[in-house]
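Everything below concerns the one structure shown next.
The values are calculated or read from the model by the stated rules, or taken from the named source; none is laboratory data. It should be emphasised that the depicted structure is a prediction, and the values quoted were computed from it without experimental measurement. Cβ atoms come from the backbone with ideal geometry, glycine included; neighbour counts cover every protein chain shown. These area figures cover heavy atoms from the full protein model, side chains too; ligands, DNA and RNA do not enter into them. Shrake-Rupley method; radii C 1.70, N 1.55, O 1.52, S 1.80 Å.
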Amino acid sequence: MADDSLISDDLLRHLVAVGQVDLLVGLPTHNHAATIADVVRAVDACFRTYFPRQRTVLINSDGGSTDGTAELVQAGSHAAARTLTTSHGLRSTHRISAPYRGVSGNDALVRMILAAGDLLQAQAVVVLDADVDAITPEWIAALAMPVRDQRLDFVAPVYQREPGEGLLVTQLLRPLIGATYGRRLREPLAREFGCSGHFAASWAARSGGEAGGPSDSMHLRVTGAALGGPFKIGQAELGPRPLVPT
C-alpha cells in the first residue's frame, strides 16, 4: 500500500475522477519550462499512436517550479482533447499536474508518481526525465510495451553512447552492479524506466525517510530494488540521450 503522505487531498480527488488506468506516464519536474511542452506532446503522441484503446494518464509531480513548468503542463492539457474517439471506440486520456508538498527531491517526486500508479491500479508505469532534450513517443512505448506484453516488472533503458562517454557508468557501475546482484544492466542509473503496477506499489511503500536524497542515489536504489527483488527484468534500446545544456 502506498504511503498516504505522498498523495495530497487535491491529487487524490483527481485520481478518483480518473479511475483505473492501463498506462500511467509520470513526469517529475523542477523548473523544466524549456523542455516540458515538447515532452507533453511526445506523451500525447505516444498515447494516440501506440495505446489508442487503453486508458492512459500523464501525471506531472512538480517540486515547486518557479518558471511556469506546471502552467505549461496544464496549458498542454487544455490544448489536447481529454476524450478521443478512435476507430476502435472511445478512449479516455487524462493529464494531471500536482505539486509535491513535502520535502522535495527527485526521490519524493518519483515515489509520488509510483504511489499514484498503485492507487490507480495501473498495469504499466513509465517514469521520464524532463532533462532529456528530445524524448520521443517511441521511447515511451519501448519502456511500456514490454511491461504490458511480456509481463515484465522493470524495464531499464539502454542508451546509445559514443566511445568514451559515461565512463563512470560503463567502467565502474555496470560491473559493480553485476557483481553485487549477479544480473547485468547496461544503464544501472535508470533515469527513465518502465515498471509494472506490482513494482510501483512495492517502491511507493518504501520508507519516506529516503526522500530528498541525491538524485543519482535514488536511481541506484530503484535499480537495486528491481534487481534484488522477485521481479522480472528487461532492457529497452532508446538510442541517443541528448540533454539540455546546463
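Structure data summary
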| quantity | calculated |
| --- | --- |
| Considering residues of region 202-214 that are surrounded by fewer than 17 Cβ atoms within 10 Å (Cβ to Cβ) and in a helix (DSSP H, G or I) only, the residue modelled with the highest pLDDT | Gly208 |
| Residue in region 141-152 that is in contact (Cβ under 8 Å) with a residue 24 or more places away in the chain, basic (Lys, Arg) and under 29 Å from Arg13 (Cβ atoms) present | yes |
| Identity of the residue in region 46-80, part of a helix (DSSP H, G or I) and open to solvent by less than 30 Å² (accessible area, probe 1.4 Å), that ends up modelled with the lowest pLDDT | Ser77 |
| Residues of region 129-146 satisfying the condition of being open to solvent by less than 10 Å² (accessible area, probe 1.4 Å) and either part of a strand (DSSP E or B) or touching a Gly at 6+ places or on another chain (Cβ under 7 Å) (or both) | Val132, Leu143, Ala144 |
| Selection from region 190-201 of residues that are open to solvent by 30 Å² or more (accessible area, probe 1.4 Å) and at pLDDT below 90 | Arg191 |
| Pair list, Cβ < 7 Å and 6+ apart or interchain, from region 168-186 residues that are at pLDDT 85 or above to residues that are open to solvent by 80 Å² or more (accessible area, probe 1.4 Å) | Arg174/Arg184; Arg174/Arg186; Gly178/Arg184; Leu185/Gln235; Arg186/Gln235 |
| Within region 149-163, considering residues that are surrounded by 10 or more Cβ atoms within 10 Å (Cβ to Cβ) and at pLDDT below 90, the one nearest to Phe193 (Cα to Cα) | Tyr159 |
| In region 1-45, residue nearest to Val110 (Cα to Cα) [restricted to those that are in a loop (DSSP other than H, G, I, E, B) and among the acidic types (Asp, Glu)] | Asp3 |
| Residue, nearest to Val132 (Cα to Cα), within region 168-201, restricted to residues that are assigned to a strand (DSSP E or B) and among the small types (Gly, Ala, Ser) | Gly194 |
